[in-house]
Structure formats: structure tokens, C-alpha cells
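Down below is the structure, laid out as C-alpha cells.
The values are calculated or read from the model by the stated rules, or taken from the named source; none is laboratory data. Since the model is a prediction, treat every value here as computed from it, not as a measurement. Here the Cβ positions follow ideal geometry from the backbone for every residue, glycine too, while neighbour counts run over all protein chains shown. The accessibility values were calculated without ligands, DNA or RNA, using every heavy atom of the protein model including side chains. Shrake-Rupley method; radii C 1.70, N 1.55, O 1.52, S 1.80 Å.
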Amino acid sequence: MIDFTSLLFQETNKMFKSFRKGFMIILCCTVILVFRYIVHLNFRQLLDFHFLSVKNNLAPASGNIAYIVTAMKSKDIDQQITKIMTMINATIPQKDTMHFKETTSALNSISIILNYKPNYCVGDTLIVQVEMFSHLGKRKTYGGDFLQARIFSPKLGAGASGRIEDFNNGTYNIYFTLFWEGQVQISILLVHPSEGVALLWKGRNMGYNYIGFTGLFIHKKQEVNTECGFYLNSQQEECEYTNRKYRDVFNCIKLPAIPCEAFISLKGWNRHYTYLSNANKTLLSLSNTGKEIPKRVGSINVLKCAKTPMAVTSKCQIGTSLPFPSGYFLNNQWFPTHCNLSTFEPLLNINKCLAGKMIYLMGDSTMRQWIEFFSDVLKNLTFFDTPRPGWHKTHMAYDLQNNIYIQWKKHGHPFVAPNFYSVRDHSYIGSELDRLAGGSNTIVVIGVGQHFRPFPFPLFIKRLLSIRSAIENLFLRSPDTKVIIKSENTRDFEQDVERFSNFHGYIQYLLLKDIFSGLNVGMIDAWDMTTALDSRDLHPSEHVVKNQINLFLSYIC
């Protein structure tokens with residue numbers, strides 16, 4: 001007679017052992033995978049902020065510090081800022097006490113083509129090596145110089161940036177992709193020597209004294225002015241204006257019998273203040289800024305060969321990480337390297353593309369240029385005449401025929417303008433995003449940077465983190481909302497280097513690209529565009545703005 005109870009027990013025991021064995025295998029595999037991921041993550045942490053080093057001068061890879069931002073909570077944002085600042089500080093050269101003649105000299109430095117040949121093919125990589133020497137003619141033994149490299153063909157309306165590799169011993173390799181055929185010229189500028197970079201970074205983060213703010217208060221028809229700012233060196237009572245969600249704080253000295261609620265307008269101005277000695281200023285003088293490094297070859301010849309690679313055919317899409325360089329100019333048109341713009345002109349279909357759309361432009365005056373350009377190409381666009389004076393008021397325009405609404409609004413503090421502007425409708429971008437319902441017909445374009453250059457870097461880090469957090473929340477409630485991030489652009493070398501140097505902008509540009517990596521947003525690389533053209537205008541030409549909007553339209557149409 002069969003003992004079914006015993007048999008059932010034996011079979012159950014076998015099944016349990018088999019299940020336990022399978023479970024242990026799965027568990028072990030999971031542990032190994034998680035361990036590998038953690039090791040990879042920690043290894044990336046060592047590499048990720050390497051791009052921020054002026055020593056490398058490279059465009060960032062995608063997703064570099066996304067894991068920091070994703071894990072960020074409001075309660076530990078200060079820790080995240082400290083961590084980022086520590087990483088950046090470790091990459092900045094510490095050479096700010098040397099004699100001028102021991103610093104890098106553009107004139108004494110040399111550049112040579114490592115892979116020279118009589119003719120190149122479109123798509124080839126040109127490698128230029130730069131050897132740095134001091135004003136005394138001694139070879140430099142460390143890196144960290146801030147360079148700007150580009151190739152260009154003036155007759156073809158062509159230009160592109162170069163990728164710079166620093167070997168930290170006075171030698172740099174610069175890699176140019178040859179995107180077009182014809183005679184191509186090379187330009188390599190020493191924007192600042194490494195010693196100047198150290199001075200700029202040190203001065204920027206010593207305090208908030210580069211810019212002053214004056215607040216206008218109106219109470220019972222009485223108008224009074226008082227000092228305002230992020231940190232006021234005063235023992236007087238202060239009015240504190242706080243955005244509690246994103247922990248942004250701005251202060252004004254309180255005047256007797258004037259309530260804090262009477263704050264109506266603000267203006268900013270450059271203080272006659274410096275954190276640098278006169279000797280240090282010499283290092284950052286115009287005579288030592290943005291100088292061409294001599295080269296042994298005037299131009300190179302590029303041919304369209306049989307092996308020339310096929311053009312990119314994929315459509316421009318939001319969420320795609322940008323390579324570096326992210327594109328090039330040819331015939332004065334910007335061609336991105338990650339998607340195809342060569343087969344159509346997005347601006348030709350702008351009315352159809354934007355029909356039924358609400359477009360919110362948020363940021364500085366380089367974003368205001370967009371709404372001004374839209375008025376030139378959208379013939380039915382009409383501006384709503386808001387009563388407030390000045391260019392910094394909110395701009396609103398509509399096209400009733402095509403049901404298009406466009407708005408530009410300045411970003412929150414710090415916004416530096418020499419004339420009073422209203423603070424009653426003043427708002428941080430994070431708060432503006434929180435007010436949007438979003439949706440498939442809502443488009444947001446954000447551009448910040450220039451107004452942050454004279455302020456300590458933690459302020460900019462904090463603002464980007466708050467904007468990213470607001471975008472994440474917007475996508476939670478309206479995942480089909482389209483968001484575009486425009487980086488800041490290069491500007492002139494002459495105006496107040498200590499406050500507004502392109503070095504400050506470059507570090508901000510790199511951080512911005514990384515902070516927003518991993519999000520489903522489109523990127524417009526205004527820095528790469530203006531570097532390729534050697535643009536030195538705070539407000540880029542209409543030609544540049546047109547190409548920015550052309551790429552914008554290709555993302556959303």
C-alpha cells in the first residue's frame with residue numbers, strides 16, 4: 001500500500017529544496033548586479049565632476065550628477081551644494097600667488113598639427129597640440145589654462161568648436177571634427193592663464209559685494225530707497241523676502257515707519273569693489289585676455305571624399321543627450337550633430353508648428369530676444385501693452401488667427417538691471433513652473449546664467465536644483481509638457497572680467513548641462529553656437545537667435 005502522506009511530504013520537500021536553490025541563485029545574481037551598479041556609481045562619482053575641471057575644458061557627458069539631483073531632498077540641499085562645490089574646488093588650479101612673468105603667455109606658446117597631411121576628408125578629426133610657455137619662456141609644467149578653440153571658414157559662413165584635452169603638464173590636445181569641405185582656418189585663444197582662473201574662482205566665491213541693489217518702497221505716497229541684497233553687512237533691522245518652498249531669501253534694510261510690504265521696485269548696479277590686488281588685476285587685464293596662440297599652419301584643405309560619412313537622418317527629439325561639439329555652422333545655418341536639420345527649414349512652417357500652443361519663455365534678456373524675434377516671423381502676432389515701463393516688464397503676445405500665446409518673464413533674484421523694475425510680479429522660475437497646469441500644448445523655454453556670474457557659485461547651483469525639482473513635478477502632473485533648456489552664451493572679453501568673465505559662464509554652462517541631464521527636456525547649446533562663431537555679444541546677433549529658434553522648432557514640430 002502506497003503511503004501518500006509520506007510521498008507527498010517527500011515531493012514537497014524536493015520542491016522546497018528546488019525552490020530554495022532557485023531563490024538563492026536569483027538572490028546571489030541580484031546582489032552581484034546591485035554591487036556592480038553601486039561600484040559603477042561610485043566610480044562615476046570620481047569621474048563625473050572631472051568634466052568641470054578647467055584643466056579638461058570638455059563638454060560634459062550626459063547624466064554626470066543626475067544621481068545627486070534625483071536623490072536630492074529639500075532638507076539636504078545644502079549638503080548637496082557643499083558636495084558639488086568640494087568637487088569643483090578640487091579641480092580648480094591653485095596658482096594664484098605667482099609673479100606675472102611666471103604665468104602662461106599666449107605669445108610664447110606654440111601649437112602644431114599632430115596628424116598633418118596635405119588634404120583631409122569631411123568627417124576626419126584634426127588634432128592640434130598646444131605647448132604652453134610662461135612670459136619668461138619657460139615651459140609650463142601644469143595645466144588649468146582656460147582655452148577657446150574653433151575652426152572656421154569665413155567665406156562659407158562656417159564654424160565649429162574644438163574639444164580640448166588637458167594633460168596637466170602644460171600640454172593640450174585639441175580635437176576638431178572637419179564638418180565641411182574647403183579651406184579651414186584654426187583659432188586657439190588663451191582666454192585666461194591657469195593662474196587667472198584661480199583668481200577668478202577665488203574672488204567670485206568670497207562674497208556678494210560685486211553687485212549692489214537699491215529697493216524702492218512706496219508708503220502713503222512717500223517714496224524711499226534702501227539697500228537690498230542676499231547678505232547685507234548691517235546691524236539694522238531687515239525685511240526678509242523668502243520663497244519657503246525653494247528656500248530663496250532676499251533682504252532689504254527696513255526703514256523706520258515703512259512696512260516691508262511697501263517694497264515695490266528694485267534696481268542693481270556694479271559696485272566699485274574688488275577682491276583682487278592690483279598685481280592680480282594685471283593678470284586679468286585686457287592685454288592678457290583672449291590672446292591668439294601662434295600656429296605653424298595658416299589653413300588646411302578639406303575634401304569631400306568617397307569615405308565621407310552619411311549625414312544624421314534621425315529627427316531632433318526632446319530627451320536626447322547632446323555630444324560635444326553639438327553642431328556646426330555652414331552657410332550661416334546651424335546643423336546639430338545629433339539630429340537632422342538639413343532636409344527642411346523649420347521656420348518656414350512656424351505658423352503651423354505653433355498653432356494652438358502656449359509658449360512660456362523664462363529667464364534673462366537673451367530669452368527676451370526670442371519673443372522679439374517671434375514678432376518678426378509671426379506676422380499676426382500682437383503684443384499686449386502692459387502698463388509697466390522698461391524692457392524687463394513681462395512681455396505677452398498673441399496670434400488670434402492661429403491661437404498662439406507667447407510670454408516672456410524675467411527670472412527671480414538676482415536680476416541685475418540699472419533701472420527700477422517691479423518686484424510685485426517678481427517670481428523665481430521654480431514657482432512659475434509650479435503654477436503651470438502644463439499639457440501637450442504647453443511649451444516652456446528656460447535660459448539663465450548671465451546674471452549669476454558676479455555671485456558665489458552655490459547660489460547658481462541651488463537655483464538649478466530648484467528648477468530641476470519644479471520640472472520633475474511638472475512632468476508628474478503633465479508628462480506631455482515640452483520643456484527646452486537654453487544654455488547661456490559667450491560674451492565680450494572687455495567688460496569687467498572679474499565679474500563677468502566667460503570662465504564663470506563656462507563653469508555654469510557645464511553644470512547646467514549636467515543638472516538637467518536625464519530629464520525629458522530639449523537642449524539648445526547656445527554656448528557651443530556662440531563659441532563656433534566667436535561671438536562676443538552679450539545679446540547674440542539675430543542670426544544666432546534665428547538658429548536657436550530653428551532648433552527649438554525642430555524639437556516641438
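Per residue, how much accessible area does the stretch 350-492 have with a 1.4 Å probe, in Å²? Write down the numbers at each step before the final one.
Working: 4820 Å² over 143 residues.
Heavy-atom accessible area per residue stands at 34 Å².
Quick check for you: with a 1.4 Å probe and neighbouring chains kept, what is the accessible area per residue of the stretch 117-165, in Å²?
Details: 1840 Å² over 49 residues.
I get 38 Å² per residue for this part.
Can you tell me the alpha carbon radius of gyration of the stretch 138-207 divided by the globular rule-of-thumb value 2.2 N^0.38 Å?
Details: Rg = 15.3 Å, N = 70, 2.2 N^0.38 = 11.1 Å.
Dividing the Cα Rg of the stretch 138-207 by 2.2 N^0.38 Å gives 1.39.
Sort all Cα-Cα distances of the stretch 215-360 into consecutive 5 angstrom bins from zero, then give the percent of pairs in each bin up to the one containing the longest distance.
With a bin width of 5 Å, the distribution comes to 2, 6, 8, 9, 8, 7, 7, 10, 12, 11, 9, 6, 3, 2, 1, 0, 0.
Leaving out ligands, DNA and RNA, and with a 1.4 Å probe, what % of the accessible surface on the stretch 91-156 is carbon or sulfur? All intermediate terms of the calculation are to be shown ahead of the outcome.
On the way: 1780 of 3140 Å².
Taking all protein chains in place, the stretch 91-156 shows 57 percent carbon and sulfur surface.
In straight Cα distance, which lysines are under 25 Å from LYS83, not counting same-chain residues fewer than 8 positions off?
LYS55, LYS73, LYS75, LYS95, LYS202, LYS245, LYS462, LYS513
What does the charge count around PHE374 come to, taking other residues whose C-beta lies under 13 Å from its C-beta (Lys +1, Arg +1, Asp -1, Glu -1)? Write out the running numbers ahead of the final one.
Numbers: positive: LYS357, ARG368, LYS379, LYS546; negative: GLU372, ASP376, ASP399, GLU542.
Local charge sum for PHE374: 0.
In the stretch 474-557, what GluC sites (Glu not before Pro) fall in a loop by DSSP, with at most 11 other Cβ atoms inside 10 Å?
On the way: sites: GLU488, GLU494, GLU498, GLU542; in loops: GLU488, GLU494.
Those satisfying the criteria are GLU494.
What net charge do the residues around SER234 carry, taking every other residue with its C-beta under 11 Å from that of SER234, with Lys and Arg at +1 and Asp and Glu at -1? Let's see the in-between values first.
Numbers: positive: LYS254; negative: GLU227, GLU237, GLU238.
Taking every other residue near SER234 into account, the sum is -2.
What aspartates and glutamates does LYS101 reach when the alpha-carbon gap must be under 19 Å and sequence neighbours fewer than 8 apart in one chain are set aside?
GLU131, ASP145, GLU195, GLU292
Stick to the Cα atoms of the stretch 440-548, pair each with every other, and give me the Kirkwood hydrodynamic radius in Å at one decimal. All intermediate terms of the calculation are to be shown ahead of the outcome.
Details: mean 1/r = 0.0678 Å⁻¹.
Kirkwood radius, the stretch 440-548: 14.7 Å.
What are the ³J(HN,Hα) values, in whole Hz, obtained from phi via the Karplus relation 6.51 cos²θ - 1.76 cosθ + 1.60 with θ = phi - 60°, for each residue of the stretch 541-556 in sequence order, with x given for Gly and Pro?
5, 4, 4, 5, 4, 4, 6, 4, 5, 4, 5, 4, 5, 5, 6, 9
When only Cα pairs under 8 Å and 6 or more residues apart are kept, what is the percent relative contact order across the stretch 408-482?
Values: 56 pairs, mean separation 32.0, N = 75.
Normalised by residue count, the contact order of the stretch 408-482 is 43 percent.
Please sort 119-131, 223-235 by packing, taking for each peptide the average over its residues of neighbouring beta carbons within 10 angstrom, highest first. Numbers along the way, then the final one.
Details: 119-131: 17.3, 223-235: 14.8.
Sorting 119-131, 223-235 by mean packing, highest first, produces 119-131, 223-235.
With a 1.4 Å probe and all protein chains kept in place, how much accessible area does ASP376 have, in Å² rounded to the nearest 10?
80
How much of the accessible area of the stretch 468-524, in percent, comes from carbon and sulfur atoms when a 1.4 Å probe is used? Each step should come with its number before you reach the end.
On the way: 690 of 1360 Å².
Its accessible area is 51 percent carbon and sulfur atoms.
Under 28 Å Cα to Cα from LYS155, which lysines show up? Leave out anything in the same chain fewer than 8 places away.
Once the sequence-local lysines are set aside, what remains near LYS155 is LYS117, LYS291, LYS295, LYS304, LYS307, LYS546.
Quick one: Cα centre-to-centre distance for the stretch 411-479 and the stretch 224-244, in angstrom?
The stretch 411-479 and the stretch 224-244 have Cα centres separated by 21 Å.
By accessible area of protein heavy atoms, probe 1.4 Å, what ranking do ARG536, ARG435, ARG424 get, highest first?
Working: ARG536 80, ARG435 160, ARG424 135 Å².
Largest to smallest exposure gives the sequence ARG435, ARG424, ARG536.
For LEU361, enumerate residues with amide H under 5 Å from its amide H, sequence gap 5+ or separate chain, H modeled in the peptide plane.
The answer is GLN407, TRP408, LYS409, VAL445.
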